[in-house]
Amino acid sequence: MIDAETWLWPILTAPFIGSFIGVLIVRLPVGAPVTLARSACPHCGARLSSRELVPLVSFVVLRGRCRHCRAAIGLLHPAVELAAVGIAAWAVLADHDPVRLWVDCGLGWTLLTLAWIDCTSFLLPDVLTLPLLLAGLALTFAEQPDALADHCLAACLGYLSFQGLGFAYRRLRGRDGLGGGDSKLIAAAGAWCGLALLPFVVLGSAIAGLLASLGLALAGRMVTSTTRIPFGPCIAMAFWLAWLYGGLLDSVFRGP
């Protein structure tokens with residue numbers, strides 16, 4: 001049983017991480033500065049004080065409205081902050097190792113950021129995908145130096161396979177089907193998960209993409225061959241599941 005001290009800190013930290021993720025989601029796609037610009041109300045431009053930026057609490061205390069102009073505050077930031085808490089709680093349930101728990105949370109929060117940005121902007125920024133790839137290789141080197149070659153190969157194969165699929169789609173359809181960011185994210189998955197789990201990530205991503213298309217169709221949206229569906233969230237979910245439950249997946253398919 002995991003002790004309270006182990007799980008409490010990631011849960012308490014999560015809303016603050018979520019607040020920063022919200023900033024990344026808004027500013028990265030438009031190239032706005034992330035760390036230097038002060039937060040301000042998008043309606044009246046009033047600079048927000050620290051007491052107006054307390055994750056979740058400020059939104060509740062202010063009743064979802066700007067203190068200066070009373071305009072409604074968007075739901076993006078509280079939604080992302082709650083999602084970050086959900087990621088931390090999921091990691092707590094999946095992993096009882098105190099150090100590994102923070103690694104799980106860091107990966108989950110990064111994937112949450114990428115998935116959300118791709119959903120809203122159809123972008124997977126290099127400033128997130130490339131450090132994520134390097135972090136996977138660095139973690140592998142720290143924990144399993146002998147597996148580094150395997151994970152490097154998985155990253156290369158993941159990247160080249162998606163680039164190949166994207167190239168083939170362009171030749172056949174005359175338009176892009178997979179973005180370069182998708183290839184880099186699947187490469188990051190290979191760097192973290194290794195060759196054995198890369199097929200699970202690819203297959204899981206494809207299944208998630210099909211389910212997303214089905215969900216849109218059931219919701220009444222017209223889904224055609226030209227409908228744009230962000231694939232980053234599909235890769236992120238499959239990547240996350242493979243990382244958390246890779247040992248179980250491997251044992252199921254390999255047998256005892």
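Since every read-out is calculated from the coordinates, none of them should be taken as a lab result. Remember, it's a predicted structure, so these values are computed and weren't measured experimentally. Glycine gets a Cβ as well: all are built from the backbone with ideal geometry, and neighbour counts include every protein chain shown.
Based on C-alpha pairs under 8 angstrom that are at least 6 apart in sequence, the chain has a relative contact order of 18 percent.
Per-residue Karplus couplings for the stretch 191-204, computed as 6.51 cos²θ - 1.76 cosθ + 1.60 with θ equal to phi - 60°, are listed in order as 5, 7, 9, x, 4, 4, 9, 4, x, 5, 5, 5, 5, x Hz, Gly and Pro entered as x. Note on the stretch 117-170: Rg/Rh from Cα positions, Kirkwood definition for Rh, rounded to two decimals, is 1.08.
Ellipsoid semi-axes for the stretch 164-214, based on the Cα gyration tensor and the rule √(5λ), read 21, 15, 9 Å when sorted largest first. Under Stokes-Einstein, with the Kirkwood radius over Cα pairs as Rh, the value for the chain at 4 °C and 1.567 mPa s is 65 µm²/s. If every alpha-carbon in the stretch 1-143 counts as one equal scatterer, what log10 I(q)/I(0) does Debye give at q = 0.10, 0.14, 0.18 1/Å? Treating every Cα as an identical point scatterer, log10 I(q)/I(0) equals -0.39, -0.74, -1.10. For Ala40, the residues whose modelled amide H falls within less than 5 Å of its own, excluding neighbours fewer than 5 places apart on the same chain, are Leu48.
Largest first, the three principal axis extents of the alpha carbons in the stretch 72-165 are 52, 37, 19 Å in whole numbers. Residues whose amide H falls under 5 Å from that of Arg65, counting only those 5 or more places apart or on a different chain, are Ile73, with hydrogens built in the peptide plane. For the listed peptides 216-223, 129-136, 97-104, 60-67, a ranking on the average number of other beta carbons within 10 Å per residue, highest first, reads 129-136, 97-104, 60-67, 216-223.
Computed over the alpha-carbon atoms, the stretch 152-256 gives an Rg to Rh ratio of 1.02, Rh here being the Kirkwood radius from the mean inverse distance. About the Cα centre, and with charges only on the beta carbon of Lys, Arg (+1) and Asp, Glu (-1), how big is the dipole of the stretch 43-102? Nearest 20 debye, please. The calculated dipole for the stretch 43-102 is roughly 500 debye.
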